[in-house]
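Since the structure comes first, as structure tokens, the remarks are kept for the end.
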Amino acid sequence: MSNQPDSASQNADRPAYEISHLQRREIQAPIAACLIRGFAREMGLDQAIEVATAAIQADAMTAGRAMAERYGGNTMTELGHILREVWAKDNAMTIHILEETERKLSFDVTRCGYAELYEREGMKELGFCLSCSRDEPFIQAFNPRIKLRRTQTLMQGAPLCDFRFILE
């Protein structure tokens, strides 16, 4: 789910205002979908999504490193702040924290504004590529000792997203 500021938004000279993470995805989604669908006509949908996913995941890694720097650390404490202050900001998700310690951050997402956005915009089939595929590379770059275990997502039709971050 990971849904963090993209590399383009990590400029040190940020504007006086900052849009929410969900708003950023809403702005990006139409052009990303247009590009993916255009490439799909040329190379097939599976290959277009594979290429897009790789590019999106590379951006997520850049964002993971930047967020660790922005939040002054890469522990579960900072990850909890990112969850609340970035990913879930402005009611973007309904989250239920199950466990939050120095070694674990476990939560379920029972409503996802990102999934709702992609469905509303007629691009539900691209939602996992555009948002959910970011989560694991983001956390790898944020802190390579933190592992993400997630077995289901709302984006793919499950009743919830089960995020389990564990510090190894």
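The values are calculated or read from the model by the stated rules, or taken from the named source; none is laboratory data. Source: prediction; values computed, not measured. Glycine also receives a Cβ, built like all others from the backbone with ideal geometry; neighbour counts cover every protein chain displayed.
Observations, loosely collected:
- Of the helices (runs of 4 or more DSSP H) lying entirely inside the range 99-168, those containing at least 1 residues that are in contact with an Asp or Glu (Cβ under 6 Å, 6 or more places away or on another chain) and touching a residue at least 24 places away in the same chain (Cβ under 8 Å) span 113-120.
- Taking the range 99-115 as the range and being in contact with a helix residue (DSSP H, G or I) (Cβ under 9 Å, 6 or more places away or on another chain) and surrounded by fewer than 18 Cβ atoms within 10 Å (Cβ to Cβ) as the test, the residues that pass are GLU100, THR101, GLU102, ARG103, LYS104, THR110, ARG111.
- Breaking point among (1) within 25 Å of GLN23 (Cβ to Cβ); (2) in contact with a helix residue (DSSP H, G or I) (Cβ under 7 Å, 6 or more places away or on another chain); (3) charged (D, E, K, R); (4) at pLDDT 95 or above, for ARG70: (2)
- Single residue of the range 62-98 satisfying the filter (under 18 Å from LEU117 (Cβ atoms) and β-branched (Val, Ile, Thr)) that is surrounded by the most Cβ atoms within 10 Å (Cβ to Cβ): VAL86
- Summed over the range 67-98, residues that are β-branched (Val, Ile, Thr) and within 13 Å of the chain's Cα centre (by Cα) total 2.
- Conditions (1) exposed (fewer than 15 other Cβ atoms within 10 Å of the Cβ); (2) at pLDDT 95 or above; (3) in a helix (DSSP H, G or I); (4) not aliphatic (A, V, I, L, M); number of the one not met by GLN57: (1)
- Here GLN140 meets each of (1) out of contact with any strand residue (DSSP E or B) (no Cβ under 7 Å at 6 or more places or on another chain); (2) loosely packed, with under 15 Cβ neighbours inside 10 Å with one exception, condition (2).
- Condition check for ALA66: in contact with a Cys (Cβ under 9 Å, 6 or more places away or on another chain), part of a helix (DSSP H, G or I) and either farther than 23 Å from ARG149 by Cβ or of a type in the set (Asp, Glu) (or both): no
- Test result for ASP90, modelled with pLDDT under 95 and of a type in the set (Asp, Glu): yes
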